[in-house]
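Enquirer: Could you have a look at this structure, given as structure tokens, before my questions?
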Amino acid sequence: MKFFVPSSFGKNADAVKFKPTAQSDTSASGKMKKNKKKKNKAKPKSEVTGRGPLAPPMPMESDDDETMTTVRRVKEGKVDKKKNNKKQKQQQKQIKPTPALLEAAKESLLEDAEEKQSTSMGAAGGVSAFEAKLKEQLMGGRFRFLNEQLYTMNSKKAEQLFKSDPEAFKAYHDGYRHQVEKWPLNPLNRIIKMVKKLPKSLEIGDFGCGEGMLAKSVPHKVYSMDLVSCRDDIISCDMANTPLNTQSLDVAVYCLSLMGTNLKDYLLEANRVLKMDGLMYVAEIQSRFDNVKDFVRKLDSFGFTLLNQDVGQKVFYFFQFKKVRNVGKVANVPALQLKPCLYRKR
């Protein structure tokens, strides 16, 4: 197509030529071609995925199942909302106990203990309340262990136990004194009152004497016997086989000393060393008895008859027997057993 400049611009004006433009094809075949091109034209990515142009890039596919699941759900147009797991957030906020942190906590506790110790120092001997409490706990633990051993083994093994560990006897009686302080009454004090009423000429055997307090408290001649001797006047021996002469004692005392698994050997020894009509005093913890009448009946087989008993106490039972016949060391007597007295941790 040519455009001419009007004549008013002058005769020397040149004509400007433009490139021809494609004319629109209004025919039916032309419309079909355009529709075909539109069909073949690739759709924008946003139209395929249903995501806007400003949507974040899609994650790369991988072999991980979780990632593949996420990609599939995104392609389907589904978006998972993050769960607000409060517990998980709290756990994430918690400080993990690293070795350095544990060591710092330990040092802090030790510093607190030392501070408490320094502020509670006593004037007597410089012993603190902290040290005293710790010592009490250790003493109580060892006493409970030794006490259980003595109740669950025979007297021969108990003797060997204390010979192999001389300090164990002291530890046991230190713990025993601590237990006595918690009792409503000390049964030994009642035994002492009973012995004081007897003629002073009578000779007494204290079987399982411990620290020999009976001998210190009465005017009588007392043979104090135990597995370990903590004084010169205490005889170290097995109570089932004492060095005393046959029928040499007027009174035999067993104050909380019927311990072990061979009680019948103790009572046969008492029958051997007691004179005829001699007395035997027994004090024991009431919880050790299943049947008091059965206990008294069995002692008749050992040559003893009951004179008096006090089983009305809440903690202790007291018995007074008299020897009525000799039975000998090898007598055929029934088995005799009392329940062990085991102290619980407080």
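The values are calculated or read from the model by the stated rules, or taken from the named source; none is laboratory data. Being a predicted model, the structure only gives us computed values, none of them experimental. Here the Cβ positions follow ideal geometry from the backbone for every residue, glycine too, while neighbour counts run over all protein chains shown. Accessible surface is based on the protein model in full, side chains and every heavy atom, while ligands, DNA and RNA are left aside. Shrake-Rupley method; radii C 1.70, N 1.55, O 1.52, S 1.80 Å.
Enquirer: Quick one: what are the phi-derived ³J(HN,Hα) couplings along segment 323-333, Karplus 6.51/-1.76/1.60 with θ = phi - 60°, whole Hz, x for glycine and proline?
Expert: Computed from phi, the couplings for segment 323-333 are 6, 10, 6, 8, 10, x, 6, 10, 5, 7, 10 Hz.
Enquirer: Ok, one more. If you take every DSSP beta bridge whose two residues both sit in segment 186-323, what share of them, in percent to the nearest 5, is antiparallel?
Expert: On the way: 14 of 31 bridges.
In segment 186-323, DSSP labels about 45 percent of beta bridges as antiparallel.
Enquirer: Do the alpha carbons of any pairs in LYS193/LYS322; LYS170/LYS264; LYS163/LYS197; LYS216/LYS322; LYS216/LYS323; LYS156/LYS197 sit beyond 30 Å of each other, and which pairs?
Expert: Numbers: LYS193/LYS322 18 Å; LYS170/LYS264 27 Å; LYS163/LYS197 37 Å; LYS216/LYS322 25 Å; LYS216/LYS323 26 Å; LYS156/LYS197 34 Å.
Result: LYS163/LYS197; LYS156/LYS197 exceed 30 Å.
Enquirer: Between TRP183 and LYS221, what FRET efficiency follows from the Cβ-Cβ distance if R0 is 51 Å, with the result rounded to 0.05? Show your work: numbers first, answer last.
Expert: Values: r = 29 Å, r/R0 = 0.56.
After rounding to 0.05, the efficiency reads 0.95.
Enquirer: Can you give the FRET efficiency for ASN291 and ALA129, using 1/(1 + (r/R0)^6), R0 = 56 Å, r = Cβ-Cβ distance, to the nearest 0.05?
Expert: Values: r = 46 Å, r/R0 = 0.82.
Step by step, r from the Cβ atoms, then E = 0.75.
Enquirer: Probe radius 1.4 Å, ligands and nucleic acids left out: which of ASP277, ASP226 has the largest accessible area, and how do the rest follow?
Expert: Details: ASP277 95, ASP226 15 Å².
Most to least solvent-accessible, the answer reads ASP277, ASP226.
Enquirer: Still on this structure, please answer the following. Would you check the accessible area of ARG177, probe 1.4 Å, heavy atoms only, in square angstrom rounded to 10?
Expert: ARG177 has an accessible surface of roughly 100 Å² with all protein chains in place.
Enquirer: Can you work out the accessible area per residue across segment 186-323, with the rest of the protein chains kept in place, probe 1.4 Å, in square angstrom? Numbers along the way, then the final one.
Expert: Values: 5780 Å² over 138 residues.
Normalised by residue count, the accessible surface of segment 186-323 is 42 Å².
Enquirer: Computing the accessible area with a 1.4 Å probe over protein heavy atoms, can you report the carbon and sulfur percentage for segment 186-323?
Expert: On the way: 2610 of 5780 Å².
Carbon-and-sulfur percentage of accessible area, whole number: 45.
Enquirer: Grab the other residues whose beta carbon is less than 11 angstrom from that of SER301, score K and R as +1, D and E as -1, and report the net.
Expert: Working: positive: LYS264, ARG297, LYS298, ARG325; negative: ASP300.
Summing Lys and Arg as +1 and Asp and Glu as -1 gives +3.
Enquirer: Still on this structure: In whole Hz and in residue order, list the ³J(HN,Hα) couplings for segment 177-182 that follow from phi through the Karplus curve 6.51 cos²θ - 1.76 cosθ + 1.60, θ = phi - 60°; x for Gly and Pro.
Expert: Ordered by residue, 3J(HN,Hα) equals 4, 5, 5, 4, 4, 8 Hz.
Enquirer: For a quick check: with amide H placed at 1.01 Å from N, whose amide H comes under 5 Å from LYS221's, ignoring anything fewer than 5 positions away on the same chain?
Expert: ILE204
Enquirer: Using a 1.4 Å probe and counting only protein heavy atoms, arrange HIS178, HIS220 so the residue with the most accessible area comes first. List each step's numbers first, then the result.
Expert: Values: HIS178 45, HIS220 15 Å².
My answer, sorted largest first, is HIS178, HIS220.
Enquirer: Continuing with the same structure: Label points 7 Å out from Cα along the Cβ direction at SER248 and ASN154: separation in nm?
Expert: 2.4 nm
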